[in-house]
Amino acid sequence: MQTATALTVFDGLSTLVALLDGRSGALRLGNTALEAALGLSRRTLLGADFAPFLADPAPLQAVLAQRREHDFSTLRFDASLLRPGQEPLPVHAHLALHDAGPDLLLELWPLQQQARQEREERLQEQAQAHKELVRNLAHEIKNPLGGIRGAAQLLQLELDSPQLTEYTQVIVHEADRLQSLVDRLLAPHRQPHHVGDVNIHEVCERVRALVLAEYPQGLTVVRDYDTSIPEFRGDRAQLIQALLNIVQNAAQALAERIAAGDAQIVLHTRIARQVTLGRQRYKLALELLVIDNGPGVPEALADRIFYPLVSGRAAGSGLGLTLAQTFVQQHQGLIECHSQPGRTAFRILIPLP
């Protein structure tokens, strides 16, 4: 494999890849993910002895000795990657002979990244399962609900007593309320995907205006924008709804601070580089943070806040965050939440072209 071709292939991988000289252990090739992890340029890394980048270089040095004796095939081990000016990065390493010659191919999987990928996959699988469950359940509820409402209306026509009529009106009213809930459950599956050019800051400004109109006193919505973020293809209406659901959720959690007059929500946009979503590597992604200074997500709900019909408020429907996650996933993105008392951050990641 030619060096240029190998570099092109390796740069498309989300794992850290190093091609080492089979005799000296010097770095002959490193991909973009390795550069980003070490915080060093490719020019600096090329030709450098790779062993000092490992907290325990003994496994690599033993392999190099075996390689010189032509007595080596593959090795897997856990290690810590030393990074100048940063904390060591725990990794799982796989060292093997390179197909095209005497070199060694070293692949490193950051354990944090691996755990994150597994969490993302679980979240996507759960979202898909919940989507199917909710859709099937909503359809099962809808038909008998229409029958109940119709029967109550017919019964109302036959009743002479105003007191009894009140009961049928309650049935009709509650049936209408349940119908509205079912329609909201089915909304993401019914709405067509209208794709166009989206400016994320226009989305943010629209949501900001709506929330401040609802909470004119006691709440500050701070802009922290990176105006260099380019437009991308997406469904503007869906993204407005997704962000609005998250910001409204934050505002509702800030009720006590709004009453005290010191509630704050920050809309923070940046470019994220070398992002892995669903085991696919993207060079660039939109990172949108919604940060509030509220009490935080209750620990009992932390792992379930994106589940349908799960809410921390007695009057909550438990659909806002579920719909937000669905809309963002339709843009190949993901929403994460990191919460502690005084700071809750919802992080939206969407790949950029």
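The values are calculated or read from the model by the stated rules, or taken from the named source; none is laboratory data. If you're wondering where the values come from, they're calculated on a predicted model, not measured in any experiment. Here Cβ is always computed from backbone atoms with ideal geometry, including for glycine, and neighbour counts include all displayed protein chains. When the accessible area is computed, the model is the full protein with side chains, heavy atoms only, and any ligands, DNA or RNA have been set aside. Shrake-Rupley method; radii C 1.70, N 1.55, O 1.52, S 1.80 Å.
Residues in the stretch 48-63 that are hydrophobic (A, V, I, L, M, F, W, C), in a helix (DSSP H, G or I) and out of contact with any Gly (no Cβ under 8 Å at 6 or more places or on another chain): Phe53, Ala58, Ala62, Val63. Among the residues of the stretch 222-254, the one identified as open to solvent by 10 Å² or more (accessible area, probe 1.4 Å), among the β-branched types (Val, Ile, Thr) and either under 12 Å from Leu267 (Cβ atoms) or in contact with a Pro (Cβ under 8 Å, 6 or more places away or on another chain) (or both) is Val222. Of Leu239, Leu244, Leu254, all but one fail to be under 15 Å from the mean Cα position of the chain (by Cα) and not hydroxyl-bearing (Ser, Thr, Tyr); the exception is Leu239.
Looking only at the stretch 283-309, which residues are at pLDDT below 85 and either closer than 25 Å to Arg208 by Cα or not aliphatic (A, V, I, L, M) (or both)? Hits for the stretch 283-309 are Lys283, Val297, Pro298, Glu299, Asp303, Arg304, Ile305, Phe306, Tyr307, Pro308.
Among the conditions (1) in contact with a Lys or Arg (Cβ under 6 Å, 6 or more places away or on another chain); (2) exposed (fewer than 13 other Cβ atoms within 10 Å of the Cβ), the only one that His194 does not satisfy is (1). Number of residues in the stretch 1-58 that are open to solvent by 30 Å² or more (accessible area, probe 1.4 Å), at pLDDT 85 or above and at positive phi: the value is 1. Condition first: part of a strand (DSSP E or B), in contact with a helix residue (DSSP H, G or I) (Cβ under 7 Å, 6 or more places away or on another chain) and touching a residue at least 12 places away in the same chain (Cβ under 8 Å). Can you find one or more residues in the stretch 233-251 that meet it? Checked against the condition, which is being part of a strand (DSSP E or B), in contact with a helix residue (DSSP H, G or I) (Cβ under 7 Å, 6 or more places away or on another chain) and touching a residue at least 12 places away in the same chain (Cβ under 8 Å), the stretch 233-251 yields no hits at all. Might you let me know whether the stretch 86-97 holds any residue that is at pLDDT 85 or above, part of a loop (DSSP other than H, G, I, E, B) and closer than 25 Å to Leu40 by Cα? No: the stretch 86-97 contains no residue that is at pLDDT 85 or above, part of a loop (DSSP other than H, G, I, E, B) and closer than 25 Å to Leu40 by Cα.
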